[in-house]
Amino acid sequence: MISLIKFLFETTPRNPDTIIIQNEFYPSGLTEKDIYSYYMKNKSKILNQVDNRDLMIFFATDKNKFIVRRIGRNLDRIHLDKHNYERVINGRTVSIHSTMESKENFGIIDIDCADFAQARESAAEIYDFLLKYNENLKIRYTGKESFHIFYYFGNTYDIGEIRDRLKGILLNLKDKKYLINWTRTPGKVNLDLSSNKFRGGYITLHSLSVLGLRCMEVKRQDLLKFQREDAKLR
């Protein structure tokens, strides 16, 4: 296994033509060079999102094989910023996940479902339901099967209170196909609130997922026609 130290301090891809991700979306594969070029091109977007947060970074050790490491001020004291971005990001830095602070002005509802089409339809339904309570909402495709709905509050609250507020709203749902759990239940759509805790992780906007698909915002009017292929690297 390649060491974390090598990951953090190799500034350019060691083997630019080595395939890191290969799947139905990339039958010919994504190489170290592809991944590195994407993150260099989107440096400012990524930095705007991580915003001095502790991170969880997924590194590729081999094709379609990953390890995750936490990066942050309370651990090894490295944050991703404009001074170290090129030092941390390399061709095997696949996915960047941010973590929650103890107080936030937003919460996350994870539309957790193994079926993409069902997750997409459910994200639309939950978004429309939440509009009765708040219009300051964003939908994000996570780069895998599911979607996150970001619910922005007018004020900052303790992260536990945010989780309780969101759960209280979701309990007003009448549709029995939705559950509010921490884990998936076969045949049901889980409205997962587990990210809403101190250091709870969520994929960073504009990051790649381990499938090589972009985490991206999707407008409500575009949601039902959105396809996972829309998030591929071009």
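Bear in mind that the values in this text are calculations on the coordinates, not laboratory data. Because the structure is predicted, anything quoted here is derived from the model rather than measured. Here Cβ is always computed from backbone atoms with ideal geometry, including for glycine, and neighbour counts include all displayed protein chains.
Annotations
- The range 202-230 versus the range 86-165: alpha-carbon centroid distance in Å: 12 Å
- Dipole magnitude of the chain, debye to nearest 20 (Cβ charges: Lys/Arg +1, Asp/Glu -1, about Cα centre): 240 debye
- Along the axis of the charge dipole computed for the chain (Cβ charges of +1 for Lys and Arg, -1 for Asp and Glu, origin at the Cα centre), the listed residues Tyr36, Ser207, Asn172 are led at the positive end by Tyr36.
- Computed over the Cα atoms of the range 103-203, the ratio of the radius of gyration to the Kirkwood radius (Rg/Rh) comes to 0.93.
- When only Cα pairs below 8 angstrom with a gap of at least 6 residues are kept, the chain shows a relative contact order of 22 percent.
- Pairs over the 28 Å Cα-Cα cut-off, from the set Lys45/Lys177; Lys43/Lys132; Lys45/Lys225; Lys103/Lys176: Lys45/Lys177; Lys43/Lys132; Lys103/Lys176.
- Between Thr31 and Ile20, the built amide H atoms are under 5 Å apart, and every one of these is 5 or more places off in sequence or on another chain.
- In a reduced charge model with +1 at each Lys and Arg Cβ and -1 at each Asp and Glu Cβ, the range 103-203 shows a dipole moment near 160 debye about its Cα centre.
- Cα long-axis angle, helix 32-41 against the chain (0 to 90 degrees, to the nearest 10): 60 degrees
- Mean projection area, nm², convex hull over Cα of the chain: 12.8 nm²
- Sorting 149-159, 27-37 by average packing, meaning the other beta carbons within 10 Å per residue, from highest down gives 27-37, 149-159.
- Only helices enter the 222 nm calculation for the chain: every DSSP H run of n ≥ 4 contributes -39,500 (n - 2.57), and dividing by all residues gives -7000 deg cm²/dmol, rounded to 500.
- Extension gain, Asn84 back to Glu125 (0.36 nm per residue minus Cα-Cα distance, nm): 10.7 nm
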